[in-house]
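The block underneath contains the structure these notes are about, expressed in structure tokens.
The values are calculated or read from the model by the stated rules, or taken from the named source; none is laboratory data. Remember, it's a predicted structure, so these values are computed and weren't measured experimentally. Heads up, the Cβs are rebuilt from the backbone with ideal geometry, glycines too, and the neighbour counts pull from every protein chain shown.
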Amino acid sequence: MFKLEEAIQLVENGEAEKGLKYINEMKSQCSDDEKYEIAITFFKWGLVNEAKDLVEELLFMYPDEGELLVLMAEILIDLDNEEEAIGFLEDISKNDPAYVEALLLQADLYQIQGLHEVSEQKLLTAKRQMPNEDIIDFALAELYLSQAEYKKCIPYYKSIIAGNENIAGVNLYSRLAEALSTVGEFEESLPYFEKAIEKTEEINTLFNYGFTSLQAGYHITAIEVFIRLKELDPEYSSLYLHLAKAYEQEEMISESYEAAQEGLKIDNLNKELYFLAGKLAMKLGDISSVENHLRQAIAIDPGYIEATTTLTSFLRHEQRYEDIVECLQEVMSYGENDPQFEWDLAYAKNQLEEYSHALNHYRLAYTSFKDDRDFLEEYGYFLLEDGKRAEAVDIFKSLLLIEPDNLEIEELILGLE
């Protein structure tokens, strides 16, 4: 009597040749059910062609048997013949017990081919057939997640997470937490992140937990999570910017600056870290480091407008007007521009007594800052000092529309008129 279990045991004990020889000698004497089991065993062992031969033999006798059609489709997929596999799956009757399994397999194949809407329809059909099957909900959730349709995937993850912590090796807490975080549901996502890392401290999940905690305003939690991540993987460069930000939110400026410095040792091309380090150095009163960090950020990306305007603001405070002009001219030589550049150049040129150039820059900046009270006041006084009384009055009147209770400007206008 043929005993497949004995053959399997021989193979698993390292006597593969003996086990396979036994199967091949006896398979002609086996029942159809035993041949099916042998085909499955061959397939699991990677003997795909041998499995295919057996399934073809069985399909000749049972052409409508769903389990056989599914197995043949899986074999064809393994042989990179997806189109033929889909043909076998579509032959399975809706009344066949293997119909839902066939739909799931078709959904996978269509997703691989980029036919996501077709894949979705197959899964929704399976859902109608078996509305309470977790594996179908999981497949729908994964499909929507892969398409960045986070609001669609969240209900499916929630529906299965009560009875499952993972499916197919996937940490469902992590999936749900990250989906909730992505749609801005930071508070709701945090307990799921906690459960996810209880199961396994996967570094990307830790990073997302820390980032979400920071977004939700739980700065201490974020610090603790990022420190743990740093212990596990100090080369995880993305953590340092957010760790520094979390420290900054807690007014732990020295610790924040140290975290930024640590990050720059690992990633010395991170413009955001240089920019943050510059702002932190300013708070710490480290004047020489402020300029160095900000100029490094601009050198990496001349189009980093925020870094440039922060540097020019710093230089303005330091009354280094020639350096403002030099900095902005260099950045603008790369084709970069911003209305703030015109205002900064106007102010610097005025201080350098280059009045005609200053006027041109003020006029260029006016379009963008015509509703900014600080700009209007500065521009108005510049025009007044430049002898352009009528233009100055117009600018001061615009300022008065913004600040109708500004008695000083009102009196100035009356005096000029």
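Does residue 113 satisfy the condition of being under 30 Å from residue 181 (Cα atoms) and either modelled with pLDDT of 95 or more or β-branched (Val, Ile, Thr) (or both)? No: the conditions fail for residue 113.
Conditions tested, residue by residue: (1) more than 24 Å from residue 110 (Cβ to Cβ); (2) under 47 Å from the mean Cα position of the chain (by Cα); (3) at pLDDT 80 or above.
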| position | (1), (2), (3) |
| --- | --- |
| 20 | yes, no, no |
| 29 | yes, no, no |
| 33 | yes, no, yes |
| 40 | yes, yes, yes |
| 46 | yes, yes, yes |
| 64 | no, yes, yes |
| 70 | no, yes, yes |
| 78 | no, yes, yes |
| 85 | no, yes, yes |
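Scanning the range 332-353 for residues that are surrounded by 17 or more Cβ atoms within 10 Å (Cβ to Cβ) and of a type in the set (Asp, Glu) yields 336, 338, 342, 344.
Just checking, which of 345, 328 is at pLDDT 95 or above and within 30 Å of residue 400 (Cα to Cα)? Steps first, please.
On the way: 328 fails: within 30 Å of residue 400 (Cα to Cα).
When all the criteria are applied, what remains is 345.
Residue count for the range 34-52, restricted to those that are among the charged types (D, E, K, R), out of contact with any Phe, Trp or Tyr (no Cβ under 7 Å at 6 or more places or on another chain) and more than 17 Å from residue 85 (Cβ to Cβ): 3. Looking only at residues of the range 78-107 that are in contact (Cβ under 8 Å) with a residue 12 or more places away in the chain and of a type in the set (Gly, Ala, Ser), we find that the one that is surrounded by the fewest Cβ atoms within 10 Å (Cβ to Cβ) is 93.
Residues in the range 186-203 that are crowded, with 18+ Cβ neighbours inside 10 Å and not in a helix (DSSP H, G or I): 0 in all. Restricting to the range 383-393, name every residue that is among the acidic types (Asp, Glu), assigned to a helix (DSSP H, G or I) and surrounded by 15 or more Cβ atoms within 10 Å (Cβ to Cβ). Selection gives 391 alone.
Results for (1) crowded, with 23+ Cβ neighbours inside 10 Å; (2) assigned to a helix (DSSP H, G or I), shown as yes or no for each residue.
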| position | (1), (2) |
| --- | --- |
| 119 | yes, yes |
| 127 | no, yes |
| 136 | yes, yes |
| 142 | no, yes |
| 151 | no, yes |
| 157 | yes, yes |
| 163 | no, no |
| 176 | yes, yes |
| 181 | yes, yes |
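Taken as a whole, the condition of being aromatic (Phe, Trp, Tyr) and either part of a helix (DSSP H, G or I) or at positive phi (or both) does not apply to residue 334. Among the conditions (1) buried (at least 18 other Cβ atoms within 10 Å of the Cβ); (2) modelled with pLDDT of 95 or more, the only one that residue 360 does not satisfy is (1). The residues on offer are 129, 113, and the sole one that is out of contact with any Phe, Trp or Tyr (no Cβ under 8 Å at 6 or more places or on another chain), in contact (Cβ under 8 Å) with a residue 24 or more places away in the chain and among the polar types (S, T, N, Q) is 113.
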